1. Of these, TRP26, TRP40, TRP61, TRP53, which one is surrounded by 11 or more Cβ atoms within 10 Å (Cβ to Cβ), among the hydrophobic types (A, V, I, L, M, F, W, C), farther than 23 Å from ASP2 by Cα and in contact with a strand residue (DSSP E or B) (Cβ under 9 Å, 6 or more places away or on another chain)?
2. Quick one: ALA83 ticks every box in (1) part of a loop (DSSP other than H, G, I, E, B); (2) surrounded by fewer than 17 Cβ atoms within 10 Å (Cβ to Cβ); (3) not aromatic (Phe, Trp, Tyr) except a single one, so which number is it?
3. List every residue pair whose Cβ atoms sit under 6 Å apart, with the two residues 6 or more apart in sequence or on different chains, where the first one lies in region 1-22 and is surrounded by fewer than 19 Cβ atoms within 10 Å (Cβ to Cβ) and the second, anywhere, is small (Gly, Ala, Ser) and not in a loop (DSSP other than H, G, I, E, B).
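Just so you know, all these numbers are worked out from the coordinates, no wet-lab data involved. All of these numbers come straight from a predicted model, not from anything done at the bench. Using ideal geometry, Cβ is built from the backbone for each residue, glycine included, and neighbour counts are taken over all protein chains shown.
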Amino acid sequence: MDVTLKRAYEAAAKSDGYRVLVDRLWPRGLSKVNAKIDLWLKDVAPSTELRQWFGHVPEKWPEFKKRYIAELKSNPAWIELQALSAERNITLVYAARDREHNEALVLKKLLDGHS
């Protein structure tokens with residue numbers, strides 16, 4: 001199945017398939033009606049401690065990825081996300097402004113078979 005990425009603030013489209021919000025916190029200023037989220041899988045997001053440590057500082061990205069992947073290994077929500085992606089097309093929805101350094105990218109690469 002196909003896994004795509006989309007910022008929470010972009011309009012939903014039919015082509016998105018099943019929309020999964022992968023942030024621990026709900027996106028600021030976005031109503032649940034307008035978000036059109038099918039599943040909020042907040043437990044697949046990085047721990048609060050890891051998220052705060054990273055702070056979207058690009059220089060910390062390589063270490064963030066390693067730590068996040070280590071967290072996912074014992075995370076039941078990760079298993080749930082893998083099962084969903086095997087059944088249908090999904091869009092991983094995230095709020096971060098940085099499109100090159102966010103947890104949704106890590107999840108997509110793992111779901112696509114890359115590390």
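1. Of TRP26, TRP40, TRP61, TRP53, the one residue that is surrounded by 11 or more Cβ atoms within 10 Å (Cβ to Cβ), among the hydrophobic types (A, V, I, L, M, F, W, C), farther than 23 Å from ASP2 by Cα and in contact with a strand residue (DSSP E or B) (Cβ under 9 Å, 6 or more places away or on another chain) is TRP26.
2. (1)
3. From region 1-22, the pairs are MET1/SER85; LEU5/ALA104.
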